[in-house]
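Below is one structure, written out as structure tokens; the observations come after it.
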Amino acid sequence: MLNQIKIGKSAVETTTLGLGTNKVGGHNLFEGLEDQDGYEVVRTALDSNIKLLDTAYAYGYGRSEEIIGDVIKDYDRSNITIATKAAQDVNLDYKPNNNPEFLTQQIDHALKRLKTDYIDIFYIHFPDETTNKAEAIEALVKARDAGKIKAIGVSNFSLEQIKEANADDVIDVVEDHYSLVHRDAEKELIPYLNEHNITFVPYFPLASGILTGKYAKTDSGKFNQDSQAEFDQIIDAVEKVRGIAESKDATVAQVVLAWYLKNPNLGVVIPGARKAEQVKSNVKATAIELSDQEYHQIDAWFKF
């Protein structure tokens, strides 16, 4: 049984392991994606009792939402948590638009693509440069009050923008970049979220594959790291995790996911998957029990 969590101040409850769906229909983001694989990925997640499906308009310009909408027709909607995001404006060359009228329109469009009458979590995907963030959030409050969405979120906002958006303390969830190798959120963002009962959903938990254990120090050129020395430190830490993984008959990626699931500062972990087998592998992380000592060891290994 997957653990459950309540999202912020909302009534939404979901599993602490979710599915990131940028590789479901995200043809504009990844080469060689097959829609059929996307359908199987979503079905496998739901069949594995993963409740949260994290999508966005930007994933295939609505295609990811359409695939999810097709799949959920065969399932009990009340057992599914749909999180989607919008901000990209076609009329602005896909630049972010936080205008309240635009966001209201995007919620309605997402509902049609998802073939549902409510969205559990709706995020403003990216901030724009001009809209007052409290005014932008007011559009989501009205959508919530109308029953179109259940929880209010923002993604990729700076802490100052989050504070502006949260003037009336209505934000339930923030999604942002965080992993064992990208820990800036620990300094100021996470303390603020904890203080205001805002759930934190980290994206890129496996750091584009670096934390899966399949790369060596000679692979640094495949990633935009600051230096070879920094990449070497990461690989050294990953190799230490491998020792724990082998002792638990698990993969490095599964142990890393287990670390996130044990981290009290994180709400839902949303690793992506291109193939159904990856979903099944990720689910196995929920059965791994890290001791407090192992948890703190891993934490220390990645503090460079």
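The values are calculated or read from the model by the stated rules, or taken from the named source; none is laboratory data. Here the structure is a predicted model, which means the values were calculated and not measured. Because the Cβ atoms are built from the backbone with ideal geometry, glycine has one as well, and the counts that use them run over all protein chains shown. In case anyone asks, the SASA skips ligands and DNA or RNA and just uses the protein heavy atoms, side chains included. Shrake-Rupley method; radii C 1.70, N 1.55, O 1.52, S 1.80 Å.
Here the chain carries DSSP beta bridges of which approximately 20% are antiparallel, counting only pairs with both residues inside. Per-residue 3J(HN,Hα) values for segment 118-132, derived from phi via the Karplus relation 6.51 cos²θ - 1.76 cosθ + 1.60 with θ = phi - 60°, read 7, 10, 5, 10, 10, 10, 6, 5, 9, x, 9, 8, 10, 6, 4 Hz in sequence order (x marks Gly and Pro). Phi-derived couplings, Karplus 6.51 cos²θ - 1.76 cosθ + 1.60 at θ = phi - 60°, listed residue by residue for segment 56-65: 5, 4, 5, 7, x, 6, x, 5, 4, 4 Hz, with x used for Gly and Pro. Measuring r between the beta carbons of Asp93 and Asp299 and using R0 = 35 Å, the FRET efficiency lands at 0.25. Rounded to the nearest 0.05, the FRET efficiency derived from the C-beta distance between Asp76 and Lys280 at R0 = 35 Å is 0.95. Computed with a 1.4 Å probe over protein heavy atoms only, the accessible area of Ser291 comes to about 50 Å². The residues of the chain have, on average, 45 Å² of accessible surface per residue, using a 1.4 Å probe with all protein chains present. If a spin label sat at a point 7 angstrom from the Cα of Leu159 along the line to its beta carbon, the backbone N atoms of segment 267-304 nearer than 20 Å would be those of 267, 303-304.
Dipole of segment 148-304 computed with +1 at Lys/Arg Cβ and -1 at Asp/Glu Cβ about the Cα centre; of Gly209, Val174, Tyr260, farthest Cα towards the positive end is Gly209. Element breakdown for the chain at a 1.4 angstrom probe: carbon and sulfur atoms account for 45% of the accessible area. Within the assembled protein chains, the solvent-accessible surface assigned to Ile80 is about 10 Å², based on a 1.4 Å probe. Rounded to the nearest 20, the size of the Cβ-charge dipole of segment 133-233 about its Cα centre is 460 debye, with Lys and Arg at +1 and Asp and Glu at -1.
Overall, segment 247-304 carries a charge dipole of about 300 debye about its Cα centre when +1 sits on the Cβ of Lys and Arg and -1 on the Cβ of Asp and Glu, all other atoms neutral. Largest accessible area first, the residues Arg274, Arg77 order themselves as Arg274, Arg77 under a 1.4 Å probe with ligands, DNA and RNA left out. With R₀ fixed at 25 Å, the C-beta to C-beta distance from Glu195 to Lys142 puts the FRET efficiency at about 0.45. In order along segment 229-244, the phi-based Karplus estimate (6.51 cos²θ - 1.76 cosθ + 1.60, θ = phi - 60°) of 3J(HN,Hα) comes to 4, 5, 4, 4, 4, 5, 5, 4, 5, 4, 5, 5, 4, 4, x, 5 Hz; Gly and Pro are listed as x. When nucleic acids and ligands are ignored and a 1.4 Å probe is applied, Ser155 ends up with an accessible area of around 0 Å².
Residues Glu40, Glu246, Glu289, sorted by accessible area with the largest first, give Glu289, Glu246, Glu40 [1.4 Å probe; ligands and nucleic acids excluded].
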